[in-house]
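Chemist: Below is a structure I'd like to ask you about.
The values are calculated or read from the model by the stated rules, or taken from the named source; none is laboratory data. Values in this document were obtained by computation on a predicted structure and should not be read as measured data. Reconstructed Cβ throughout: ideal geometry from the backbone, glycine too, with neighbour counts over all protein chains shown. All accessible areas refer to the heavy atoms of the entire protein, side chains included, with ligands and DNA or RNA removed. Shrake-Rupley method; radii C 1.70, N 1.55, O 1.52, S 1.80 Å.
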Amino acid sequence: MMIVMKETATEQEVQAVVEKIEGAGALAHRIRGARVSVIGAIGDVEQDVGVEALGLEGQPGVDRVMAILKPYKLASLQMTHGEHSVLEIAGRKLGGDNFALIAGPCTVESREQTLQSARVVRDAGATMLRGGAYKPRTSPYAFQGLGQEGLRLLAEAKAETGLPIVTELMDISDLDAVLEVADVIQIGARNMQNYALLSEIGRCGRPALLKRGLSSTLDELLMAAEYILKEGNPNVILCERGIRTFETAYRFTLDLMAVPVLKELTHLPVIVDPSHAAGRRELVKPLSLAAAAIGADGIIVEVHPNPDEAICDGPQQLPTEEFAAYARAVEQAAALAGKALQPREPALA
Ligand code: PEP
Ligand code: MN
């Protein structure tokens, strides 16, 4: 159930509702909107009925009590009364009229490669630095990432450039190490339905970038986000990264329709990964421009100082020397959708 408070409701009135819900054995999730507070009472189906029986309608400060129509409750746009969330992560705003350009190498390979990539993307006005230390590889014989050494290099890049770090977590046992450096924890497409991992990210509270599974529907993506939200972590960014279709002419089919449709379904920010969808760099810029123009809240893109020698995903990584021009083009496309690059005053090269 969803309890919509009146605009005039006091803090004590909101607290009284929260206590009643918790007293009935359900979880009370408070969402502070620009005008009104909404409290989501989340339990299993039986508990929902229990909340209904509490008679919250008529309680001081309560405007309305409504059923949440979607199976994903906290992620639904209904939950925020149709307001899209703006997340604040490491001093950067994500969502609303802000556009996030998250860029960096597929994989942290060396100190030089990581720092060089970080400087180039920072100078071009990127919002955050991406880079994998733990890599989900199709082949168990392929390079699996530098692990802790990779995290150390990301920490160095963050200290030098000031860029917040996005890096992937695959195994709960690496969580503490990843928490040392990650401002945003990436959950890769292959782990989108790893529910134990999602719940743990929810409990740790660190912002999460949740990639859509290779063959997942939008409902499944939103249910996965719900696992994180349910544990009390409101900072979830959704990412469309291409899905499997019958088409074999390219690696994945970038489902750009997911962007406006997710915006109808959820208040969470939605970004796009053109690199992993395309699999080759010629497609990365056109897909990025389309993603920005269609209203994505950001892009996560792979950049490498020498892509032809990259250990992983070389063919799709943009060379660093092309990144500044790419960033300017993406910035213009984002402006078509009314969004401006975050931070708003990029340190231009
Ligand atoms: C990545 O971003 O490094 C990655 C492996 O992406 P995905 O999980 O979308 O394949
Ligand atoms: Mn990659």
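Yes or no, residue by residue, for (1) of a type in the set (D, E, K, R); (2) farther than 27 Å from GLY150 by Cβ; (3) more than 15 Å from ligand 2 (Cβ to nearest atom):
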position	(1), (2), (3)
GLU247	yes, yes, yes
MET257	no, yes, yes
LEU265	no, yes, yes
ASP273	yes, no, no
GLY295	no, yes, yes
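Chemist: If you don't mind, another one. So LEU229 fits all but one of (1) away from ligand 1 (no atom under 12 Å from the Cβ); (2) without any contact (Cβ under 8 Å) to a residue 24 or more places away in the chain; (3) not basic (Lys, Arg); what number is the exception?
Modeler: Result: LEU229 passes all but (2).
Chemist: Just the residues that are closer than 19 Å to MET79 by Cβ, out of contact with any helix residue (DSSP H, G or I) (no Cβ under 9 Å at 6 or more places or on another chain) and open to solvent by less than 80 Å² (accessible area, probe 1.4 Å), please, taken from the range 3-28.
Modeler: Within the range 3-28, VAL4, VAL14, VAL17, VAL18 meet the criteria.
Chemist: Identify, by number, the condition in (1) under 20 Å from HIS29 (Cβ atoms); (2) at pLDDT below 95 that LEU229 doesn't meet.
Modeler: (2)
Chemist: Tally up the residues in the range 155-180 that are closer than 11 Å to GLY132 by Cα and either among the polar types (S, T, N, Q) or open to solvent by 70 Å² or more (accessible area, probe 1.4 Å) (or both), please.
Modeler: Qualifying residue count for the region: 1.
Chemist: While we're looking at this one, here's another question. Among the residues of the range 131-144, is there at least one that is under 27 Å from LYS339 (Cβ atoms), open to solvent by less than 50 Å² (accessible area, probe 1.4 Å) and of a type outside the set (Ser, Thr, Tyr)?
Modeler: yes
Chemist: Name the residue, out of THR248, THR167, that is closer than 28 Å to THR114 by Cα and among the hydroxyl-bearing types (Ser, Thr, Tyr).
Modeler: THR167
Chemist: Give the number of residues within the range 268-285 that are more than 13 Å from ligand 1 (Cβ to nearest atom) and open to solvent by 10 Å² or more (accessible area, probe 1.4 Å).
Modeler: So the count comes out to 5.
Chemist: Would you tally the residues in the range 222-240 being under 27 Å from ALA278 (Cα atoms) and open to solvent by 10 Å² or more (accessible area, probe 1.4 Å)?
Modeler: Adding up the residues that qualify gives 1.
Chemist: For the range 79-95, enumerate the residues that are in contact with a strand residue (DSSP E or B) (Cβ under 7 Å, 6 or more places away or on another chain) and either crowded, with 19+ Cβ neighbours inside 10 Å or at pLDDT below 95 (or both).
Modeler: Passing the criteria: MET79, THR80, HIS81, SER85, LEU87, ILE89, ARG92, LYS93, LEU94, GLY95.
Chemist: Now a separate question. Quickly run through the range 286-318 and pick out the residues that are more than 18 Å from LEU129 (Cα to Cα), touching a Phe, Trp or Tyr at 6+ places or on another chain (Cβ under 9 Å) and surrounded by fewer than 24 Cβ atoms within 10 Å (Cβ to Cβ).
Modeler: Of everything in the range 286-318, just one residue is more than 18 Å from LEU129 (Cα to Cα), touching a Phe, Trp or Tyr at 6+ places or on another chain (Cβ under 9 Å) and surrounded by fewer than 24 Cβ atoms within 10 Å (Cβ to Cβ), namely ILE311.
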